[in-house]
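A quick write-up on the structure given underneath.
The values are calculated or read from the model by the stated rules, or taken from the named source; none is laboratory data. Since this is a predicted model, take the numbers as computed values, not measurements. Positions of Cβ are generated from backbone atoms using ideal geometry, with glycine treated the same way; all protein chains shown enter the neighbour counts. These accessible areas exclude ligands, DNA and RNA; they are computed on the full protein's heavy atoms, side chains included. Shrake-Rupley method; radii C 1.70, N 1.55, O 1.52, S 1.80 Å.
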Amino acid sequence: MADRMQAGQAWLAAQLNKHATQCVVYRRGELETELQATIGKSTYQQDDGAGAVTRAQVRDYLIDTGLLVLGGVATLPKAGDKIIETEDQKQFTYEVMSLGSDTPWRYSDPFRLKLRIHTKLINTEDVD
């Protein structure tokens, strides 16, 4: 019998894709792909070692693990990759980044169906 939790998680992932995504471009160097992403956010805090704690919020993109294919090869996110989002004649470029000492991404669910990719805004420009 199939794992009901895994089946439920797969159903939920499909519903997110159907009702709560937008098209973005994922770019690594010269390679890029268009894919559907759910927009999210993460908050984190970092101690500077001198007693000051910095709290910050980053923009996350949740994508199906199997959709991140660059140059015909399935891959995982890397720090420095870019995600480009277009909205209302503006193009926003986000850079994949680590949260403090953590990795720049993590699986969003226990079955590794979705990636949660952490980013920061690096550029905004008007689109013709």
inquiry  = Six or more apart or on different chains, Cβ atoms under 7 Å: show the pairs whose first residue is in the stretch 52-67 and under 18 Å from TYR107 (Cβ atoms) and hydroxyl-bearing (Ser, Thr, Tyr) and whose second is assigned to a strand (DSSP E or B) and modelled with pLDDT of 90 or more.
reply    = TYR61/VAL24; TYR61/ALA37; TYR61/ILE39; TYR61/ILE83; TYR61/ILE117; TYR61/THR119; THR65/LYS114; THR65/LEU115
Pair list, Cβ under 6 Å, 6 or more apart: the stretch 103-120 residue within 19 Å of THR43 (Cβ to Cβ) and crowded, with 17+ Cβ neighbours inside 10 Å, other residue of a type in the set (Val, Ile, Thr) and modelled with pLDDT of 90 or more = PRO104/VAL96; TRP105/ILE117; LEU115/ILE63; LEU115/THR65; ILE117/VAL96; THR119/ILE83; THR119/VAL96
Identity of the residue in the stretch 28-38, assigned to a strand (DSSP E or B) and open to solvent by 60 Å² or more (accessible area, probe 1.4 Å), that ends up farthest from GLU85 (Cα to Cα) = LEU31
request  = Please state which one of THR124, THR93 is surrounded by 16 or more Cβ atoms within 10 Å (Cβ to Cβ), without any contact (Cβ under 8 Å) to a residue 40 or more places away in the chain and not in a loop (DSSP other than H, G, I, E, B).
outcome  = THR93
